[in-house]
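Beneath this line is the structure, given in structure tokens, with notes to follow.
The values are calculated or read from the model by the stated rules, or taken from the named source; none is laboratory data. Note that the structure is predicted; figures quoted are calculated from it, not measured. Positions of Cβ are backbone-derived with ideal geometry, glycine not excepted, and every protein chain shown enters the neighbour counts.
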Amino acid sequence: MVLGMAMPSQQFRTYTVGDATGWIPGVDYNAWAKGKHFVVGDSLVFMYPSGHTVDEVFENDYKNCTEGNPITRDDSGCTTIPFLTVGLRYFMCGSMGHCAQGMKLAVNVTAAPTPPALHLRRQRQPSRPPAPHSTTHLI
Ligand SMILES: [Cu+2]
């Protein structure tokens, strides 16, 4: 029974990009992402051999596969990207030519769904709910 729980725990997911294939040329990562629903609290994990990077890039650089202008870069072989805010995120490999060979991924991060129990409570009690206590994390 979950009824009556004050704060049902949110199940966050960690997605390994490309699953067992990892982050390598020749894969359609946007096909991999299709149908997945990324929310704040989820994480992406990129696994890759040496010679590749995970660059978070601006939209235009993503679209044009422009190398050398990353917002962040990692080449450790295992890069975790936690989703802390909603919005579109763009990733590509910074090694020459690899973006054009498929090493690019765009994801849309949405807000974590409100637990159903809260909806029910708000419908039954139209009085103003207490202010959320986590507003200080807004960037
Ligand atoms: Cu690469």
Say whether the condition of being within 16 Å of the chain's Cα centre (by Cα), part of a strand (DSSP E or B) and not charged (D, E, K, R) is met by at least one residue in segment 49-66. yes
Whichever residue in segment 66-100 is farther than 30 Å from Q11 by Cβ and away from the ligand (no atom under 14 Å from the Cβ) and, among such residues, is surrounded by the most Cβ atoms within 10 Å (Cβ to Cβ): T66
Which numbered condition M103 misses (of (1) farther than 19 Å from Y15 by Cβ; (2) surrounded by 11 or more Cβ atoms within 10 Å (Cβ to Cβ); (3) among the aliphatic types (A, V, I, L, M); (4) modelled with pLDDT of 95 or more): (1)
I need the full set of residues from segment 22-37 which are in a loop (DSSP other than H, G, I, E, B), out of contact with any Ser or Thr (no Cβ under 7 Å at 6 or more places or on another chain) and under 11 Å from L105 (Cα atoms), in order please. W23, D28, K34
Any residue in segment 44-65 that is of a type in the set (V, I, T), surrounded by 14 or more Cβ atoms within 10 Å (Cβ to Cβ), under 16 Å from A33 (Cα atoms) and in contact with a Leu (Cβ under 6 Å, 6 or more places away or on another chain)? no
